[in-house]
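Here the structure is laid out as structure tokens; the discussion comes afterwards.
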Amino acid sequence: MLRHLLGASATADTMLEAIARDARETGDKTGRPVFSDAVMEAMRTVPRAAFVPEAEKAFAYENRPLAIGHGQTISQPFIVALMSELLDVEPGARILEVGTGCGYQTAVLCALGATVYSVEVVAPLATAAAARLAALGFVRATVRAGDGHAGWPEEAPFDGIIVTAAAPSVPAALADQLKPAGCLVIPVGRVAATQQLQRVRKLADGPSEAKSLLPVAFVPLTRGQS
Ligand code: SAH
């Protein structure tokens, strides 16, 4: 009651409860009603408060997106957990992320034991995320500024690719940079009302198989200048 009156009701524990509840309620669509211990532990250990601006810190553990400046957002914790779950990250996996934003999803993937290459089109966000990840000790994250449509050919192929902004279709370069049997998680759709979170699995013999799992609302994947 007092906590409620003070407005400090959301904690890391209540965030985890909200994630578990959303996972249960969407499990028939996503096929993942219960997230792995590894994903829940990563969500517990990465301090979301360190990734949000000062003005948003009081809301850091609420299960919703928050503004991070430059017209961009930090994703909803449930969505970060779901996308991490759908990637089936093994320790040591090499993951490409398109859309670093503040670097929160990057940190969660690092906490799962991945080495993460992350591309962000808004240069000041890329610079700030790189500094933040280094300061927090996420040494297996490398961030660069650029247009993620091109992926990161020098570091390809990847075990998994995660796109955290919505595209009308899967960018061809990204599908090319995925290892056989690798998996790509991406919101597909032009406007928020029509986006579907898709999981695309590359088959061992080349082509891919895509599944639409859940309606979502992401910022658009823009065409960068770089
Ligand atoms: N992964 C973030 C979510 C960031 S929101 C998190 O953990 O919360 C999506 C991000 O994608 C924004 O920062 C936006 O600037 C970036 N983005 C949009 N289009 C892009 C592009 N073509 N290449 C790389 N990043 C892009």
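Observations on the structure shown:
- Euclidean distance between Cα centres, the stretch 147-167 to the stretch 66-124, Å: 12 Å
- Remark on LEU66: its backbone amide H falls under 5 Å from those of ILE74, a criterion applied only to residues 5 or more positions apart or on other chains, H modelled at 1.01 Å from N.
- Phi-derived couplings, Karplus 6.51 cos²θ - 1.76 cosθ + 1.60 at θ = phi - 60°, listed residue by residue for the stretch 48-62: 4, 4, 6, 10, 10, x, 3, 5, 9, 4, 5, 9, 4, 9, 7 Hz, with x used for Gly and Pro.
- Take the Cα of GLU155, go 7 Å toward its beta carbon, and the backbone nitrogen atoms of the stretch 103-122 under 13 Å from that spot belong to 106-107, 109-110, 114-120.
- Relative contact order for the stretch 106-179, counting Cα pairs under 8 Å that sit 6 or more residues apart, in percent: 29 percent
- Largest first, the three principal axis extents of the alpha carbons in the stretch 162-226 are 33, 31, 13 Å in whole numbers.
- Residues whose amide H lies under 5 Å from that of VAL219, counting only those 5 or more places away or on a different chain, are ALA166; hydrogens are built 1.01 Å from N in the peptide plane.
- Stretching the chain fully between THR14 and VAL139 yields a gain of 42.2 nm (0.36 nm per residue, less the alpha carbon separation).
- Relative contact order, percent, the chain [alpha-carbon distance under 8 Å, six or more residues apart]: 15 percent
- Among beta bridges from DSSP that stay inside the chain, the antiparallel ones total about 45%.
- The gain in end-to-end length when the ASP28 to GLU54 segment is fully stretched comes to 5.6 nm, 0.36 nm per residue minus the alpha carbon separation.
- Additional length obtainable on full extension of the chain from ARG223 to SER208, 0.36 nm per residue less Cα span: 3.0 nm
- Vicinal HN-Hα couplings computed from phi for the stretch 163-177 (Karplus, 6.51 cos²θ - 1.76 cosθ + 1.60; Hz; Gly/Pro x): 10, 10, 9, 8, 10, x, 7, 5, x, 4, 4, 5, 4, 5, 8
- Rg over Rh for the stretch 2-216 works out to 0.95, using Cα positions for both radii and the Kirkwood form for Rh.
- For the chain, calculated [θ]222 nm from helices alone, where every DSSP H run of n ≥ 4 adds -39500 (n - 2.57): -9000 deg cm²/dmol
Values in this text are rule-based calculations from the coordinates and carry no lab data. The structure presented is a predicted model; accordingly, all values stated were derived computationally and were not measured. Cβ: placed from backbone, ideal geometry, glycine included. Neighbour counts: every protein chain shown.
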